[in-house]
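Presented below is the structure to which this report refers.
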Amino acid sequence: MVKDILEKKGKQSTEILDFILNGVVGVDINPLAVIIARANYLIALGELLRLGKSIVIPVYVSDSIKLPEIKTIYSYALNETVQVYEITVNKYKIQIPSEIAKHRYKLGQVLSGLREALNIYRERGNKSEAKALFNRKASEVASRAELEILNMTLDTLFELVDKQLNEIWVYMLNNIYAPIALKEAKFDMLTSNPPWIAMRYIENKNYQDWVKAEVLNHGLLTSDQVKLFTHMEIATLFFNESAELYLSRENSLIAFVMPRSVLTGAFHHANFKQFKRPKMKLVKIFDCEDVSPLFNVPSCVLLAVLGEKTEYPVPTTRYKGQLERKNCKLSEALHQLKVEDYMYEPLTIGLVKGLICYSYYHDKVKQGATIVPRNLWFIDFKVHPTLGINTSKPAVKTSEEVIKAAKDQWKDVTLEGNIESDFIYATLLGGDIIPFGFVKLRPIVVPCKALATQYKLLDVEELRNSGYTGIAEWLDSVQKAWEEGSTEKSKERFSRVIERLNYQQLLTIQNPSKRYVLLYNTSGTDLVSCVVDKPSLQNFKVLGAEIKPKGFVAEAKTYFYETDDGNEAHYVCAALNSTIVNEGIKPLQTRGLFGERDIHRRPFMLPIPKFDPNNSVHLRLAELSKICHEKVAKAKVRFTGKSVASLRRQARETVKEELKEIDELVSKLLDI
């Protein structure tokens, strides 16, 4: 396209080639993607390759947003300081003066000199000859102080050659330092399909720490939003960081393919949509959510210009349709897609006059404990064929269902033992919940003691000293399995497995003295809720015997609210099971390949009021929830559905008349 435009303007072929090589540049961290891009670049140059010029295709293998660290080095010989960009190679430091790295010609000259010097050193082992050649070439572009730094780098590379560690590092340096020169050059337009990955999937801790710092630096999250860091989409940081590093001036353009979740009600994307750091104006959106096949998650394209303030609504074009094949050409796709325009505006649910006014319960509900790896905590009871089971210290083993669903690293981890019943609790996963009830209560082992308002976790020695040998042996086996099977990063963060079990104190903050636990699913297309009455928890039936759970612990696939007021718990449960709230959170939910997914606290972004025992609507909702719980409890034994979705449909069908009244009352409650 650039070539065609310049040809129409009457530019000569040599001018066109120089313009393209200097102005059309690419960076990708994936070497294969770079090879493909370079091949496409060559093909696009076409007849310009016949000019006979020696060219380097300016597409680099590098991290485009994390540039090498800048340091100040003192030159004792010249009594002056030099700023350098530093990287570490096999624990060796390699430094390039910043003024060299900033200029592509100077950097190219220096790297060419390094390459030739190392070739001579490999062939003849003569450092003096190699240094003389390098200094002759580098002195053309470097000051004396800079040359001193570059000679230290050359010495480091000599040492790497001696230890047979230097094979491609000069080539790599060209790539690693390229973004610095590109940052100085600046560009009028940036286009990209940045990495789509949540921060929790970044395995390198140093890189994760750097990302966290930059997320805060760009105002994408604040320091008090630490729980949202793991959900943070790296593509948003790439968008802001790239614009800041590489755009040249006001009104220069950035156009990135992004996961469409950045347009939804995800809390961790709220600040991104303000486009404040750097200041940008979102001018156009291409919404590709309804195009298939495309990406594995719904996508969009965001176009913004530097230097202006974003104002909503923003013009948006929505594309819809089924493509005949993946990766088809744009010209083909346009004939297969329907196009419609609309104005996009971020959701303002929960905002009153620009201030956040969520439900009273928004900050009161909590996520359950991360009881993982599940192989270590979820159990089945093991019955002796003749002796049956000891209900005070039953034989247990790792749950068969959990083993089937385990991650590869835990697939072969199974435990067996005899556990004192004082440490056998009940829990529910998100998929166990149906409207106004649950399909399966799961036994788990939890090494804890109930206090007045919280739990206290007990480690092996404390359990042994208290005479609980069964749970002590189990926990000792769990600790060994954790040390053998967990990643180095996990072991560094949680040396004791009970620390992982109590991540962010999500287990110990649960209150054993509260009678009622309101539960709903953490994620899923549809919101479902139930109330657990702890004293009425059903016993685990093992043949003719029964084992009473010590208590109930909410698990991370559920959110919970604890109260001693049964009417309050059932009032909120009725609201959460209503069609009104379920549909109300749809625009707020992030979306996956199969539709809406994350729920978390979104139901309470709607203005569900605090329970008022004097309010007749509140009391009627509580009464209806109790009726629904009774109906579902009696009917679920006849449910024939095998999937979670079908069981939930059957539960709704069981209470459809009550749900109609609930919807009417919730509509009145929320003034919808």
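Values in this text are rule-based calculations from the coordinates and carry no lab data. None of the values given here were measured: they were computed from a predicted structure. Because the Cβ atoms are built from the backbone with ideal geometry, glycine has one as well, and the counts that use them run over all protein chains shown.
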Check: When the convex hull of the Cα atoms of the range 397-456 is projected onto a plane and the area is averaged over all directions, what value comes out in nm²?
Finding: 5.9
Margin query: Using the basic label-point model (7 angstrom from Cα toward the beta carbon), what is the SER75 to ILE35 distance in nanometres?
Written below: 4.1
Margin query: I want to check the label-to-label distance for ASP564 and TYR312. Put each point 7 Å from Cα in the C-beta direction and report it in nm to one decimal.
Written below: 4.3
Check: How about LYS102: which lysines have a C-alpha closer than 26 Å to its C-alpha, ignoring those fewer than 8 places off in the same chain?
Finding: LYS53, LYS66, LYS71, LYS91, LYS93, LYS131, LYS137, LYS183, LYS186, LYS279
Notebook entry, point to check: Karplus couplings for the range 613-624 from phi (6.51 cos²θ - 1.76 cosθ + 1.60, θ = phi - 60°), rounded to Hz, Gly and Pro as x?
Noted result: x, 9, 9, 5, 5, 4, 5, 5, 4, 4, 5, 5
Item checked: Total charge dipole magnitude, the range 391-462, about the Cα centre, Cβ charges on Lys, Arg, Asp, Glu only, Debye to nearest 20 -> 260
Check: Sequence-distant or interchain residues sharing an amide H contact under 5 Å with VAL283, placed H: which?
Finding: LEU303, ALA304, VAL305
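Based on the Cβ-Cβ distance of GLU345 and GLU47, what FRET efficiency does E = 1/(1 + (r/R0)^6) give at R0 = 60 Å, to the nearest 0.05? Intermediate values should be presented prior to the final figure.
Numbers: r = 48 Å, r/R0 = 0.80.
According to the calculation, E is roughly 0.80.
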Notebook entry, point to check: Out of every Cα pair in the range 343-464, what percent are spaced more than 16 Å from each other?
Noted result: 74
Item checked: Projected area averaged over orientations for the range 98-247, convex hull of C-alpha atoms, nm² -> 11.1
Next item on the list: Subtract the Cα-Cα distance of GLU630 and SER54 from 0.36 nm times their separation in residues, and report this length gain in nm to one decimal.
Entry: 199.3 nm
Note to self: Less than 13 Å apart at the alpha-carbon level, and either on another chain or at least 8 residues along: which aspartates and glutamates does that give for LYS205?
What the structure shows: GLU488, GLU492
Check: If the cut-off is 21 Å between C-alpha atoms, which lysines fall inside it for LYS626, apart from same-chain ones fewer than 8 positions away?
Finding: LYS440, LYS514, LYS534, LYS610, LYS634, LYS636, LYS656, LYS660, LYS668
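Would you mind classifying the range 255-392 by shape? Square roots of the alpha carbon gyration tensor eigenvalues, ordered a ≥ b ≥ c; an a/c under 1.5 is rounded, otherwise it is prolate if a/b is larger than b/c and oblate if not.
Details: a/c = 3.41, a/b = 1.66, b/c = 2.06.
Verdict is oblate for the range 255-392.
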Notebook entry, point to check: Under a point spin-label approximation (7 Å from Cα along Cα-to-Cβ), what is the ASN390-LYS656 distance to one decimal in nm?
Noted result: 5.3
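Provide the FRET efficiency to the nearest 0.05 for the GLU462-ASN119 pair, computing r from the beta carbons and using R0 = 60 Å.
0.40
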Item checked: Stretch gain in nm, segment LYS205-LYS284, where the contour uses 0.36 nm per residue and the Cα spacing is subtracted -> 24.9 nm
Note to self: Per 0.36 nm of contour for each residue apart, how much would the distance between SER477 and SER495 grow if the chain were fully extended, relative to their Cα-Cα spacing?
What the structure shows: 5.0 nm
Next item on the list: Quick one: give the max-minus-min coordinate of the C-alpha atoms of the range 83-159 along each principal axis, largest first, in Å.
Entry: 33, 30, 19
Check: Can you work out ³J(HN,Hα) from phi for every residue in the range 141-157, in order, using Karplus 6.51 cos²θ - 1.76 cosθ + 1.60 and θ = phi - 60°, giving whole Hz and x for Gly and Pro?
Finding: 10, 10, 6, 5, 5, 5, 5, 4, 5, 5, 5, 5, 5, 4, 4, 4, 5
Notebook entry, point to check: Per residue of the chain, what 222 nm ellipticity follows from adding -39500 (n - 2.57) for every DSSP H run with n ≥ 4, rounded to the nearest 500?
Noted result: -11000 deg cm²/dmol
Next item on the list: For the chain, state what percent of all Cα-Cα pairs lands in each successive 10 Å bin, counting from 0 Å until the bin that includes the largest distance.
Entry: 3, 12, 18, 20, 17, 13, 10, 5, 2, 0
